[in-house]
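Working notes, beginning with the structure itself.
The values are calculated or read from the model by the stated rules, or taken from the named source; none is laboratory data. Keep in mind it's a predicted model, so treat the numbers as computed, not measured. So basically every Cβ, Gly included, is an ideal-geometry build from the backbone, and we count neighbours across all protein chains shown. When the accessible area is computed, the model is the full protein with side chains, heavy atoms only, and any ligands, DNA or RNA have been set aside. Shrake-Rupley method; radii C 1.70, N 1.55, O 1.52, S 1.80 Å.
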Amino acid sequence: MAIIGAGILKGLGVTMRHFVETYIEDFKYMGFNVDSSAVRRQNPKNRGLATIEYPKEKMPLPENFRYVPFLVEDTSKEEEKCTSCGICAKVCPPQCIWIERTEDPVTKRPVPQPKQFFIDSTICMNCGFCAEFCPFDAIKMDVNYEISYYPAEDYKTAAADAVAASIQDNVLPVHGGGAVGRLIFDKTGLMKSDVYHATIHPSDWAREVAERKPAPAAKAAPVAVAAPAAGLSAPKPAGPKMAGGPKMAAPAAGVVVPAAPIVSSEAPAPAVVSPPAQVPVTRPSKPKIVGHV
Amino acid sequence: MAEEQFQNDIPVPDDLKNNIFITSLDKLYNWGRKRSMWPMLFGLACCAIEMIATAASRHDLARFGWELMRASPRQADLMIVSGTVTKKMIPQIVRLYNQMPEPRYCVAMGACATSGGPFKEGYNVVSGVDKYIPVDVYIPGCPPRPEALMHSFIKLQEKIEKQSIRTVRWYQKGDEVSIPVPMLGPDLVDMRKANEIKAQAATV
Amino acid sequence: MAAGAPAPAAPKPAVAAASPVSGAKPPAAPAAVAAPAKPAVAANTDAEMADITAKFEGLISKAPYEGVFINDPARLVEVATYVRDGLHFSMLSSITAVDYPKDGVIEVVYHATRVPSGGKPLCFKVRVPREDGKCSMPSLCGVYPGAEFQEREAYDLYGVRFEGNPDLRRILMWEGFAGWPMRKDWKEAYFEGETKPFETRWPAGKHELAEERVPWQDNVTFPKDFDPFSYTSKPDGNIYESMTGNRNSVQGFPDAPVVVDANGMNQPQADEFMDELKTDEIIVNMGPQHPSTHGVLRMVVKLDGETITDLKLALGYLHRNHEKIGERNTWLHNIPYTDRLDYICGLANEWGYVLGVERMMGITPTPRVEYLRILMAELTRIESHFWSIGFLLNDVGAFFTPALYFITERDFIIDLFESVAGSRLMCNYMRFGGVSRDFTEQQLQRAHELAFERLPRAIDELDHFLTENDILKARCIGVGYLPADRSVAYSLTGPCLRAAGVGYDVRKADPYGYYERFDWDVPVRYNADVYDRYLVRVQEMRESLKIVQQVLQRMSKDTKVGDIQAGKKAYNHRVPAGQTYARVETPKGELGFYLVSDGGQNPYRYHIRSSSFINLNSLKEMTVGYKVADSVVILGSLDIVLGEVDR
C-alpha cells in the first residue's frame, strides 16, 4: 500500500518544476537575445514558458500557411495572371468563387481574362484547393490573418436608432448583414502584386521562376525580390495595391510577415475593397421585413 | 453638474459644456470595460478548439485581462460565437445572449458564425449568428488562428474606446433589447418575422 | 503493456449478467481476450454470405457490389440473430439508409463486424418502400443494442420507422421538423443545384447571396399556410414524460447495476438505499451550454438524491449536414469537409475518406504517401490523446493545469501540421492516391526532434504527473464500468473498448496503410472503468510514438523524396459505380465511410459512421447508478467530439 498522498506530491513536484523551469529558461537568454523569444520559445528543446505576447511578437508563419486567397498580379504587365479558366471555381468545396469571363466585344469569344472575380470570404473554408489546382499560379493563399473587423457604421448611433425605431414600431430590430459586403472581395480587392507573393511564398516563387526559365521574358524585378525574401526581411512592397504599406512590427529573423492587411478598418475602404458602386453585392434592405406587413 | 466644475477654469464653448466631464468619464468607463472583458465559456464547434488554444499556455489571454471565462452568462460580458450556429442551437444562443447583462458584446468567430461558412447551404445551419444577435466584431477564417482571435479582441477594444457613456444604447431610456427566442417549428421560426412568415406562407 | 500479456488486473467487478430485451443470448463476445499479435484477417465474407444464403433458403439474395439482401424485412431479426450468434459477428458497426427514388425504395444497410478478430465486415441490406406508412421495418435493438442511435438517425434523416426501437424520436433534427432531409427529393432552403460545381459560378459568375434567392430571405422553408402563432413547438418530443415513472429503464438491466468501488467492495445500491429515504426524483438538464459536456451535448439525467437513475441524450445541436452537403459535393470537395468532422483529429478522418475512394477507384498510393500518412495519423493520435486526457482531468476537477501542459505539447505537433499542410486543425492534407505536400528537410528535422526528444519526455511527464495521483484514482477507478460483452453489444469502439479487455483495433483488425510493416502493439486493459481508459490512452500514445519513430527512421531509406502522388493529380475524379465501407481507427474509435457511387463526379451516398456518436449509445448504461458528478467524468472518458457526434 502506497503512502496516501504520495501521488499528489509527485504531481505537485511536476508543477513546481514547470514553475522553476520557466525562469531558468528566461535567465539563460537574458542580455543576449539571440533569437526573438517567439522563435526560441517554440523550439522543442525549450522547457520553459511557451507564451508569445501576441501583438508585440508574432509566431513565424510557415510558408505553407493559408488563409483567404488572393489573385496574383503580374507587375510587369500590370494585369492579373488569371485567365478565368474556372478551375478554382470548380474545385472550391463551398463554392465561394464567382468568375465572370470577359468576352471580346466584337467576336463574342472569351478572352482569357476575368471581367469580375468574387471570393466570398465569409464562406471560404481556407482549404487551399484553388491555389493548389490553378494551372497558372494566378491564385494563392494569403498568410495575413489579421482581417477581423467591426462594421464600419457608427455603432452607437446605429444601435440607438434601431432601438428607437423598434420602440416606435413596436417591433424589435432585425440584425444581420454586417459582415457581408465587407468580406466579399471583388477583383480589385483580391489583387496583390507578385512581389507580395514572392515575399510570402519564397520557395513557391522560386519554383515558378524555374518553370518559366525557358521563356526569356522572365520578370527581372520580382526575381530580384525573391532572393532577399528568403533571407531576413520582407522587402517594402511596391505596387498600387500595397500603398498602405506594412503596418506590423519589423519582421523577426526568418519571419514571413504579411505586408499589408487586406481589410483594415482604419484604412479607407477603397484601398482594399472596391467602393460599393463597383460591387454589385449589396445587402437587401432588411428593414422591409420588419413590421411593414 | 459638469458646468459648475469647469466654469472658473478655461473658457469652454457652450456646445461643449456638457461634454468635457463626460469625456473623461468615458475614458475611465471604456478603459475599465475593455481591460476586463469576461468571455463566456461557450464553445460550439471547431473554432472553439482554437478559442481554447487562445486561452491556453501559448497565447495566454490573461495578458489582456480577459482570462476569466465564465460558464454562466450572468457573469459574462462577451459571447464568442465560436463555430457553426445550427437551427437547433440558436434558441439556446439567443437565450444565453438575453441572459447576459449589458454592456454585452459578441464576436462572430470564423466563417460559420459570420455567415454559415462552408456549411451555409446545410438545412440545419443558420446563415450567420448576426441574423439573430448583433455582432460587434467578425473574424473570417476557417478556423481563425488564435492570433486572429486576439486580433479581433484588439479590434473590439478599439471599438469600445469609441463608445461614449452618453450614447451607448444600454443607458438610454426604455432600452430593453431582449431578442425573442426563435421557435423550432417545421423549420426555424424567427419570431420577429412571424407576421411576414404567416403572410408569405399563405401565398406560397 | 503489450497485447497478449496478462494485465495487472484489479478485482474483477461483479456485474449482473445482462441480456438484451429480446431474450436472445448475449452476444458471443470473447470477453477479456487481448488481440493476438497477428490476427488472421479475413479478406472477404464470401464464405459467410454463402452460409446465410444456404441457411435462409429463398430469403437471401445477392446484392449488387456488396453484401446480401434480406428479401423479407419481417425476418430481419431472425437473420441478424444468426449473424450474431451463428457467425459471431458480434458487433454492429454501422447502420445507414440509402434512398433510391427511381426504384421507390429506401435501402437500409447494415455492417456487422467480428470482434476482436476483425476482418471484412458482413454487409446485409433490407429494402422498404418509400411511401409514408409503409416505410417501416423491425428494429435490431434487441439483437444489437448499439443499433439504437443509428436507427434513430436513419429515421430522422430518411423517415424509416424501426418498429421496436425503444425511443424512436428524431435525434439530430427536432420533433416537428418538416420532411426527411436526406431523401434525394428533399431540397434544403438554400438549394442551388443537385450537384457541385454549380453552373452559376462560372463563366458568368455574378455573386449572389443565398439569402436573396429564397422567399423568406433566410435559410428556412415553411409548409403552406403555416401559422407561427398557433403552432406549439415541442422540439424534444416526450423526452421528459418518458423519463418519469420508470425507475430503472436501462435496457437489458432489469435491476440496477452493482456499483463497485476501487477496492472491489459493493457500494450501496441505488434502490435499497433510496427506498428508505423516499426522496423525490428530479430531472436535471445538462447542456447544451455546459462547461463539461465537451461542446453542445445535452444530457437529461434523472436523479434520485445524487444518484443517476436514468439518462437520455439530446443530440443534434451541431448537426451541420455533412452528409447532405457531401452528396452535393464532388469527390474531391469532401476531403476538407472530413477535417471538420472530428476537428481534433482531422488527418485521421481524411484518411478514412480517401481510403474508401481509393478502394473504389483502385488506386494504390506510393510508399512515400503511405509513410507520410502513418506519420501524420499517428501524430494526430498523440495530439488527440493529449487533448482528451487534459480535458478528462478538467472534468475530474483539476481545472486546466494538466490541460495547459498538454495543450503546450499539442501545439508543437500542430505547428508541424501547419508548416507541412498549411493549417493547424483543418490540414486538408490527403488526396486520392497522394498527399498534398512532402516534408522538407527542415520539417523532417522538426519531426525528429518531436518524436525522439520532446514527445517521449512529455508523455513520461504526463504519466509521472497523473497516473499515481490519489485523487485521480479515487475519482476514476471503478467508475463508468461497462463489461466487455456489453461494450461490444453497444458497438463501443476505440480506447474505451480496449479498456474493457477487447483488443479490437481497426489498424490490426482490418488493416490499411502500412501498419502491418511496423512493430507496435494494441494496448489492452481489463477493468473497463475510467481509469483504465485513461491508461489505455497513455499507452496508445507510446505505441503511436513507436510507429512515428520507425517511420522517421525508415522513410528516407524506403521511399523517394517527392513521390507523393500515385498517378496523375486531378480534380475531376470519376469514381466507378460501386460501394464500399472503409474504416480507419481514429483516436476516438472506428470511423467508417460508407460510400456509394453511381459512376459520376459526386458521391451518391456519403455516410459517416462516427465513433463518437455510436460510443454515446453506451453512456446511459455506464452512468446509471453512479453519482451525478461521475457522469461528467464518464462522459470525459468516452472522449467525444461534437463535430463527429452530430456531423
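Could you grab me the full set of residues in the range C:418-435 that are at positive phi, at the interface with another protein chain (Cβ under 7 Å from one of its Cβ atoms) and either touching a residue at least 40 places away in the same chain (Cβ under 8 Å) or open to solvent by 10 Å² or more (accessible area, probe 1.4 Å) (or both)?
If the condition is that a residue be at positive phi, at the interface with another protein chain (Cβ under 7 Å from one of its Cβ atoms) and either touching a residue at least 40 places away in the same chain (Cβ under 8 Å) or open to solvent by 10 Å² or more (accessible area, probe 1.4 Å) (or both), then C:Asn428 is the only one that fits.
Kindly check whether there is at least one residue in the range B:147-155 that is within 14 Å of chain C (Cβ to nearest Cβ), surrounded by 24 or more Cβ atoms within 10 Å (Cβ to Cβ) and not in a helix (DSSP H, G or I).
For the range B:147-155, residues within 14 Å of chain C (Cβ to nearest Cβ), surrounded by 24 or more Cβ atoms within 10 Å (Cβ to Cβ) and not in a helix (DSSP H, G or I): absent.
Considering the range B:92-103 alone, what residues qualify as being open to solvent by 10 Å² or more (accessible area, probe 1.4 Å) and of a type outside the set (S, T, N, Q)?
B:Arg95, B:Leu96, B:Pro101, B:Glu102, B:Pro103
Of all residues being facing chain C (nearest Cβ under 7 Å) and either in a loop (DSSP other than H, G, I, E, B) or open to solvent by 30 Å² or more (accessible area, probe 1.4 Å) (or both) in the range A:85-99, which is farthest from C:Glu199 (Cα to Cα)? Just the residue, please.
A:Pro93
One line per residue, one yes/no per condition, for (1) of a type in the set (Val, Ile, Thr); (2) open to solvent by 10 Å² or more (accessible area, probe 1.4 Å); (3) more than 7 Å from every other protein chain (Cβ to nearest Cβ); (4) under 27 Å from B:Pro118 (Cα atoms):
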| position | (1), (2), (3), (4) |
| --- | --- |
| A:Lys77 | no, yes, yes, no |
| A:Cys82 | no, yes, yes, yes |
| A:Asp104 | no, yes, yes, no |
| A:Thr107 | yes, yes, yes, no |
| A:Pro112 | no, yes, yes, no |
| A:Asp120 | no, no, no, yes |
| A:Ile123 | yes, yes, no, yes |
| A:Cys127 | no, yes, no, yes |
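Run B:Met109 past the list (1) buried (at least 20 other Cβ atoms within 10 Å of the Cβ); (2) away from chain C (no Cβ under 14 Å) and report the number of the one that doesn't hold.
(2)
Among the candidates C:Arg320, C:Arg298, single out the residue that is within 14 Å of chain B (Cβ to nearest Cβ) and touching a Lys or Arg at 6+ places or on another chain (Cβ under 8 Å).
So the residue among C:Arg320, C:Arg298 that is within 14 Å of chain B (Cβ to nearest Cβ) and touching a Lys or Arg at 6+ places or on another chain (Cβ under 8 Å) is C:Arg320.
Checking B:Cys142 against (1) facing chain C (nearest Cβ under 7 Å); (2) more than 18 Å from B:Trp38 (Cβ to Cβ); (3) surrounded by fewer than 24 Cβ atoms within 10 Å (Cβ to Cβ), which test does it fail?
Result: B:Cys142 fails condition (3) only.
Taking the residues in the range C:196-223 that are in contact with a helix residue (DSSP H, G or I) (Cβ under 6 Å, 6 or more places away or on another chain) and over 20 Å from B:Arg192 (Cβ atoms) as candidates, determine which candidate is farthest from the other protein chains (Cβ to nearest Cβ).
Looking at the filtered set, the residue picked out is C:Lys196.
Tell me, yes or no, whether the range B:138-145 has at least one residue that is charged (D, E, K, R), under 15 Å from C:Arg424 (Cβ atoms) and in contact with an Asp or Glu (Cβ under 9 Å, 6 or more places away or on another chain).
yes
Of C:Asp438, C:Asp519, C:Asp463, which residue is surrounded by fewer than 20 Cβ atoms within 10 Å (Cβ to Cβ), within 14 Å of chain A (Cβ to nearest Cβ), of a type outside the set (A, V, I, L, M, F, W, C) and assigned to a loop (DSSP other than H, G, I, E, B)?
Going through C:Asp438, C:Asp519, C:Asp463 in turn, the sole match is C:Asp438.
Which of the residues belonging to the range A:1-11 are at pLDDT 85 or above and open to solvent by 100 Å² or more (accessible area, probe 1.4 Å)?
Within the range A:1-11, A:Leu9 is the sole residue that qualifies.
Scan the range C:487-516 residue by residue and report those that are in a helix (DSSP H, G or I), in contact with a helix residue (DSSP H, G or I) (Cβ under 6 Å, 6 or more places away or on another chain), within 17 Å of C:Arg114 (Cβ to Cβ) and in contact (Cβ under 8 Å) with a residue 60 or more places away in the chain.
Scanning the range C:487-516 gives C:Ser487, C:Leu497, C:Arg507.
Go through (1) within 7 Å of another protein chain (Cβ to nearest Cβ); (2) under 30 Å from C:Ala421 (Cα atoms) one by one and return the number of the condition A:Gly5 breaks.
Failing condition for A:Gly5: (2).
Taking only the range C:83-117 into account, find how many residues are in contact with a Gly (Cβ under 6 Å, 6 or more places away or on another chain) and open to solvent by 10 Å² or more (accessible area, probe 1.4 Å).
Going through the range C:83-117 one residue at a time, the tally reaches 1.
For the range C:128-182, which positions are of a type in the set (Ser, Thr, Tyr) and open to solvent by 20 Å² or more (accessible area, probe 1.4 Å)?
C:Ser136, C:Tyr155
Taking the range C:112-161 as the search range and keeping residues that are part of a loop (DSSP other than H, G, I, E, B) and β-branched (Val, Ile, Thr), which one is nearest to the chain's Cα centre (by Cα)?
Checked the range C:112-161; the qualifying residue nearest to the chain's Cα centre (by Cα) is C:Val115.
In a helix (DSSP H, G or I) and under 13 Å from the mean Cα position of the chain (by Cα), is that true of B:Ile80?
For B:Ile80, the condition - in a helix (DSSP H, G or I) and under 13 Å from the mean Cα position of the chain (by Cα) - is not met.
List every residue pair whose Cβ atoms sit under 8 Å apart, with the two residues 6 or more apart in sequence or on different chains, where the first one lies in the range A:137-151 and is more than 10 Å from every other protein chain (Cβ to nearest Cβ) and at positive phi and the second, anywhere, is of a type in the set (Lys, Arg) and open to solvent by 10 Å² or more (accessible area, probe 1.4 Å).
Going by the 8 Å Cβ cut-off, the qualifying pairs are A:Asp137/A:Lys81.
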